[in-house]
Amino acid sequence: MILFIFYLLAILSLLIGTAAIYMALIETFPVKWLYYHYFIRKPINWTILIVILLWTFYIYQQENHFPLWSLVPIILTSIAVILTYKMHQETAFKAVDFPIFTKDISILPIKDEMQLAIIEYDGITKCYPLDYVIHHHIINDKFNSRIVALTYCAMCRSIIPFDVTEIGPLFVGSFKDANMIVADKKTKTFFQQATFQSIIGKLHPYNLTMIPFQILSWSDVKKSILKPQVVNVTKKDFREFQLPIPGIWKKIVATENTPGLSSKNRDKTFPSRTHVIGLIDESIKKKIVYLKKEVISNEVVLNKEHNVFLIGIADTVNGFKNSVNNFVLNVTLDNAEILDLNSQTRWNMRGKYIKGKLNTNLEPIAISDEYWFSWKKFHKDSKLIRL
């Protein structure tokens, strides 16, 4: 009977230790289970291990010899305790708080074609290589008095920075519907990254505040920013991305599989990992989405209805308002610069003024460069525009 109880406790411990994975991947498990699991997993598994150890010691004292049959349950429960930490998304994708920035960009191992997220906020501009961000999923950083959390869900490739000054830094709380759940460190409130909305926790209901950003190749960053502030990265930071189970990431991205989002609940108009450009700016109430390859092919895409335009170059797309001080633009791409044919004004790829009649910068708009399956999951009513 005691042996049966020991194994039962060990199995229970293993289920708790791995629950962060299987409850995130199986849609029938509600998010609130993941939320409560986050708080109980460590104390329960430590309690089970201590109970088994103390019970084993009691048996040893009573019988004057060590019960060898207890070794397997002890080992299984010890493994479960380790998995409780290692298999949780918070540990697997450990957020970076306030990274160090290099003083010499020439020593950085960044290739010209590599993409970087550019955040210009509160008078400060900082650059983060995406091949570095993906390993952590969240980079918390300071912009003067503001705190910004740059979030990157590897599964759906949604890259969104939030102003989290009021609630503090974020960490990876869990994963649901093939999209990352972020949480604030103070209250542990869960937020769906793709929608910005809280799900459960002390702050619920609460919406995260997105801030505009841009994605540019390293080559374009060096051309458009005189002395770019770039997070200090090494070759190790550009290692191949892996999930906690080695080799499984390559298998996932090579198929139509979207772990956490079943095939029956996935829009199949296009292959799952078709790159799309979604307009998520607050000024656009009904969301709009384009196929990224069509934007890149056209180079300049104008949306008259919302008075915005997209610029596609070197596999990156950025968006801007199509007017400056009520002056409507007629832009084209000329030698990697944005040219307004009406005023002969030029801006660089970041929308910064170079020369011409309109002596001001372009106003950027918020867009999302992500996969089709995640866009449609969280923006069901968006309008697809074909070019």
Mind giving me the nanometre distance, one decimal, between the label points for SER263 and SER219, set 7 Å out from Cα along Cα→Cβ?
4.0
How many angstrom lie between the C-alpha centres of region 94-136 and region 1-75?
41
Tally up the carbon and sulfur contribution to the accessible surface of the chain as a whole percent, 1.4 Å probe, everything protein left in place.
57
Write down the accessible area per residue of the chain in Å², having rolled a 1.4 Å probe over the full set of protein chains.
48
Based solely on its DSSP helices, what 222 nm [θ] is calculated for the chain when runs of n ≥ 4 H residues each add -39,500 (n - 2.57) and the sum is averaged over all residues, nearest 500 deg cm²/dmol?
-9000 deg cm²/dmol
Reach of LYS383 by Cα under 17 Å, taken over aspartates and glutamates that are not fewer than 8 positions away in the same chain:
ASP267, ASP281, GLU282, GLU294, GLU305, ASP369, GLU370
Estimated FRET transfer efficiency when R0 is 45 angstrom, pair LYS32-THR102 (beta carbons, to 0.05):
0.60
Show me the ranking of peptides 376-386, 163-173, 250-260 by mean Cβ neighbours inside 10 Å, starting with the highest.
163-173, 376-386, 250-260
Report P(r) for region 123-215: all Cα-Cα distances, bin width 10 Å, range 0 to the bin holding the largest distance, values in whole percent.
17, 55, 26, 2
Give me a comma-separated list of calculated 3J(HN,Hα) values for region 110-125, in order, Karplus coefficients 6.51, -1.76, 1.60 applied at θ = phi - 60°, integers in Hz, x for any Gly or Pro.
9, 7, 4, 7, 5, 9, 10, 8, 10, 10, 10, 8, 6, x, 10, 10
Using per-residue counts of other Cβ atoms within 10 Å, averaged over each peptide, order 90-98, 217-225, 149-157 from highest down.
149-157, 217-225, 90-98
Assuming a ≥ b ≥ c are the square roots of the Cα gyration tensor eigenvalues, decide whether region 151-266 counts as rounded (a/c under 1.5), prolate (otherwise, with a/b larger than b/c) or oblate.
oblate
Once R0 is set to 56 Å, what does the formula 1/(1 + (r/R0)^6) return for the Cβ-Cβ distance between GLU240 and ILE385, expressed as a FRET efficiency to the nearest 0.05?
0.95
Rounded if a/c is under 1.5, else prolate if a/b beats b/c, else oblate: with a ≥ b ≥ c from the C-alpha gyration tensor eigenvalues square-rooted, which is region 216-307?
oblate
Short version: ³J(HN,Hα) in whole Hz for each residue of region 377-384, in order, from phi by Karplus 6.51 cos²θ - 1.76 cosθ + 1.60 (θ = phi - 60°), x for Gly and Pro, what are they?
5, 9, 9, 4, 9, 5, 9, 8
Could you give the alpha-carbon Rg of the chain over 2.2 N^0.38 Å, rounded to two decimals?
1.16
Suppose R0 equals 45 Å. What FRET efficiency, 1/(1 + (r/R0)^6) with r the Cβ-Cβ distance, do VAL328 and LEU25 give to the nearest 0.05?
0.40
Can you work out ³J(HN,Hα) from phi for every residue in region 145-157, in order, using Karplus 6.51 cos²θ - 1.76 cosθ + 1.60 and θ = phi - 60°, giving whole Hz and x for Gly and Pro?
8, 9, 10, 10, 10, 8, 10, 9, 8, 5, 5, 10, 6
Quick one: which residues, 5 or more positions from THR209 or on another chain, have an amide H under 5 Å from its amide H? H modelled 1.01 Å from N in the peptide plane, none for Pro or chain starts.
ASP163
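The values are calculated or read from the model by the stated rules, or taken from the named source; none is laboratory data. Keep in mind that what you see is a predicted model, and the values were worked out from it rather than measured. All Cβ positions, even for glycine, are placed from backbone atoms using ideal geometry, and neighbour counts span all protein chains on display. What goes into the accessible areas is simple: the full protein's heavy atoms, side chains included, and nothing from ligands, DNA or RNA. Shrake-Rupley method; radii C 1.70, N 1.55, O 1.52, S 1.80 Å.
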